[in-house]
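The values are calculated or read from the model by the stated rules, or taken from the named source; none is laboratory data. Fair warning: this is a prediction, and the values are worked out from it, not measured in the lab. Methodologically, a virtual Cβ is constructed for each residue, glycine included, from the backbone with ideal geometry; neighbour enumeration extends over all protein chains shown. Areas reflect the complete protein model, heavy atoms only, side chains present, ligands, DNA and RNA absent. Shrake-Rupley method; radii C 1.70, N 1.55, O 1.52, S 1.80 Å.
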Amino acid sequence: MKTINSTGVSSGIAIGTIKVLDTAEHAIERRAIDNPEEEVARFRTAQNTACDQLKALRDKTAAELGEGKAELFDAHQLMLRDPDYVESIEDLISGNKVNAEFAVNSTAEQFAAMFEAMDNSYMQARAADIKDISKRLISILEGKSDANGANGDNPYIIFAEDLAPSETVQLDRSKVLGFVTAKGSSNSHTAILARTMGLPAIIGIADALDPQDDGKLAVVDGTAGLVFIEPDEPTLAEYRAKKKQYEDHLRLLQELKGKPTETSEGQKVRLYANIGRPSDVASVLANDAEGIGLFRSEFLYLESEDFPTEEFQFEAYKEVAQKMGDRLVVIRTLDIGADKQVGYFGLEHEDNPALGYRAIRICLTRPEIFKVQLRALLRASVYGNIAIMLPMITSVQEVHDAKAILESVKDELRAEDKPLNENIEVGIMIETPASVIMADELAAEVDFFSIGTNDLTQYTLACDRQNPNLGRFADTHSPAILRMIRTVTEAAHRHGIWCGICGELGADLTLTEEFLNIGLDELSVSPTSVLPLREEIRKR
Ligand code: PEP
Ligand code: MG
């Protein structure tokens, strides 16, 4: 039995088979081969297997997510058979007498570099596709299972170097039991996704990540931050019992459904949930959240192959609004950039993307993209109780500029006789130190504040939220952050607007008392954190 002691970022216990995802770039060995014909034949067999995998993935995606989403896998099959691509690989094998893995990798690098250098963002995005199909081919040649984990019907625990948001969206969620990553931080999107899905997650296992563990049995304790690989019988028995206990507690929490979120002295807090996609609403309702305090709309963009259309977005926002009925749905406008990269945006490489061109900065400088989203949001606003929230605000001017674009979109819709909620509320995220300092001036301009403690911690403490090595320096309980939360809440109340938290800190039960003292009006947390938080507030 191997025991790994690391950091738990999403509680719960998983017992299941390990699937090691090959997300890290690993060096591809160059080997001299004696028989090029045999090697070409090995490549062609792998090519056929890759096509079969993609066909299966295509059919599954079409059935589960619709034809539109499945098209990507048709395109990948065509690329695998592209004559230039195939010729380059076979020439390298035959001409240089090298192994197929090396030939595929060299061709991928060369083709991807060529696409990346093109002037057109569509063609630039094809570089990622070439890398993707080549990775699949190399995995097959190396004798590994399907790169996307699409094979096999048994659920598994994902072990990976790290998972980018774009990779997590490709996972078959119904099969995932938990996450263990070598890198990551408690505010990384893998951690957030795990909490949304109610699955245990552990980060920062570093060198303990071993591809040889693929297929082995593991126990993951997301509460204690422990992983046991090939557990012995007593450990397995202990964790089966703990898992049952944990599930019993979750069932007990169900009794809090429908009960008010208030302290014994009658102080009320609105308890909302965070989501990334319309399908998460099921979990919001199952956990009895009183609204949605953060819909990370950029996930609609991350899951698309090209800019999502107005109609596609309208349907998504309308579906969420309708399912939530009278309950408030705060939709945050596009927060692309930093760790959430989308190829078709054609964003330039940045040395410091977290301090770069992201979120509202993209929306204000590329209004043609922003307007499509605002049109969809306004059109959906008549189907429920939608509010708009702007991310990464640093100045009053940005609010004025965003509102001017919003007004122009309202004018357009009125001219087209399209109904909209004329009084739709507009709030901002407080996630930069500048917005904290300007809180009074900003409060005079908007209808609500929601504090994004994930980024606010990153920018205030100068600690990259993706960096697992900062330890005590990335102190989420820093008095600097807590004082900022108080400052912002007081500024909001001076101006008669509400103030909440939608960052991960909102679910930290050791701070609930402090948040009640500060007088926060709302806490928006992962759906599975709603009932534990209600329990905590009702104990006060
Ligand atoms: C935050 O920064 O706290 C936040 C809620 O936004 P995100 O985690 O999506 O950056
Ligand atoms: Mg943020």
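How do the peptides 523-529, 284-290, 327-333 rank, highest first, by the average count of neighbouring beta carbon atoms within 10 Å per residue?
Ranked from most to least packed, the peptides come out as 523-529, 327-333, 284-290.
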(request) Would you mind checking the tilt of helix 233-253 against the longest principal axis of the Cα atoms of the chain, expressed as 0 to 90 degrees and rounded to 10? (result) 40
(request) Could you work out how far helix 367-380 tilts from the main Cα principal axis of the chain, as a 0 to 90 degree angle to the nearest 10? (result) 60
(request) Could you pull out every residue, at least 5 positions away or on a different chain, whose amide H is within less than 5 Å of the one on S10? Hs are placed 1.01 Å off N in the peptide plane, and Pro or chain starts have none. (result) A201
(request) State which entries of K97/K144; K259/K318; K175/K539; K144/K175; K60/K131 exceed 25 angstrom in Cα-Cα distance in the structure shown. (result) K259/K318; K175/K539
(request) Among L177, G384, T394, flag the residue with its Cα farthest along the positive direction of the charge dipole of the chain, charges on Cβ as +1 for Lys/Arg and -1 for Asp/Glu. (result) G384
(message) Taking all protein chains in place and a 1.4 Å probe, what share, in percent, of the accessible surface of the range 40-134 do carbon and sulfur account for?
(response) 53
(request) Take every DSSP beta bridge whose two residues both sit in the range 154-309, then give the antiparallel share in percent to the nearest 5. (result) 35
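May I ask you to give the percent of accessible area on the range 232-322 that is carbon plus sulfur, with a probe radius of 1.4 Å?
Values: 2310 of 4330 Å².
About 53 percent, which is the carbon plus sulfur part of the accessible surface.
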(request) Run the quick spin-label model on T510 and N48: label points 7 Å from Cα toward the beta carbon, then report their separation in nm to one decimal. (result) 5.9
(request) Only bridges with both residues in the range 294-435 count here: give the DSSP antiparallel percent, nearest 5. (result) 10
(request) Assuming 0.692 mPa s and 37 °C, estimate D for the range 347-420 with Stokes-Einstein, Rh taken as the Kirkwood radius over Cα pairs, in µm²/s. (result) 242
(request) Specify whether the C-alpha gyration tensor of the range 228-359 places it in the rounded, prolate or oblate class, a ≥ b ≥ c being the square roots of the eigenvalues: rounded for a/c under 1.5, otherwise prolate if a/b is larger than b/c and oblate if not. (result) oblate
(message) Of all beta bridges DSSP finds with both residues in the chain, what is the antiparallel percent, to the nearest 5?
(response) 30
(request) Kindly express, to the nearest 10 degrees and within the range 0 to 90, the angle between helix 100-116's C-alpha long axis and the longest C-alpha principal axis of the chain. (result) 50
(request) Calculate the spin-label point distance for D119 paired with H477, positioning each point 7 Å from the Cα along the beta-carbon direction, and give it in nanometres. (result) 5.7
(request) Set Lys and Arg Cβ to +1 and Asp and Glu Cβ to -1, take the dipole of the range 187-310 about its Cα centre, and tell me which of V269, M197, Y246 lies farthest positive. (result) V269
(message) Could you tell me which residue out of I93, A70, F115 lies farthest along the dipole of the range 1-119 toward its positive end? Charges go on the beta carbon: Lys and Arg +1, Asp and Glu -1, centred on the Cα centre.
(response) A70
(request) Divide, for the range 1-114, the radius of gyration over alpha carbons by 2.2 N^0.38 Å, where N is the residue count. (result) 1.42
(request) Per DSSP H run of at least 4 residues, take -39500 (n - 2.57); add these up for the chain, divide by its residues and hand me the 222 nm value, nearest 500 deg cm²/dmol. (result) -14500 deg cm²/dmol
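For the chain, report the accessible area per residue in Å² (1.4 Å probe, heavy atoms, rounded to an integer). Mind showing how you got there, number by number?
Numbers: 23160 Å² over 540 residues.
Per-residue value: 43 Å².
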(message) If I model a spin label as a point 7 Å beyond the Cα along the Cα-Cβ vector, how far apart are those points for T263 and A32 in nm?
(response) 7.7
(request) Quick one: dipole size for the chain, taken about the Cα centre, charges +1 on Lys/Arg Cβ and -1 on Asp/Glu Cβ, in debye to the nearest 20. (result) 1540
(request) Indicate the gyration tensor shape class of the range 311-398 (rounded, prolate or oblate), computed on the Cα atoms with a ≥ b ≥ c the square roots of the eigenvalues: a/c under 1.5 is rounded; otherwise a/b larger than b/c is prolate and the rest oblate. (result) prolate
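Please report Rg over Rh for the range 401-540, where both radii come from the alpha carbon positions and Rh follows the Kirkwood definition.
Numbers: Rg = 17.3 Å, Rh = 16.6 Å.
The Rg/Rh ratio comes out at 1.05.
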(request) Run the numbers on the range 450-498 and let me know its relative contact order in percent, using alpha-carbon pairs under 8 Å that are six or more apart. (result) 30
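Please state, rounded to one decimal and in Å, the Kirkwood hydrodynamic radius that the range 194-269 gives when every pair of distinct Cα atoms enters the mean of 1/r. Mind showing how you got there, number by number?
Working: mean 1/r = 0.0645 Å⁻¹.
Taking the inverse mean of 1/r over all distinct Cα pairs, the range 194-269 comes out at 15.5 Å.
Full extension from K216 to N154: what is 0.36 nm times the residue separation minus their Cα-Cα distance, to one decimal in nm?
On the way: separation 62, 0.36 × 62 = 22.32 nm, distance 1.29 nm.
Extra length from K216 to N154 when fully extended: 21.0 nm.
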(message) If you scale each eigenvalue of the Cα gyration tensor by 5 and take the root, what three semi-axes come out for the chain, rounded to whole angstrom and sorted largest first?
(response) 41, 30, 21
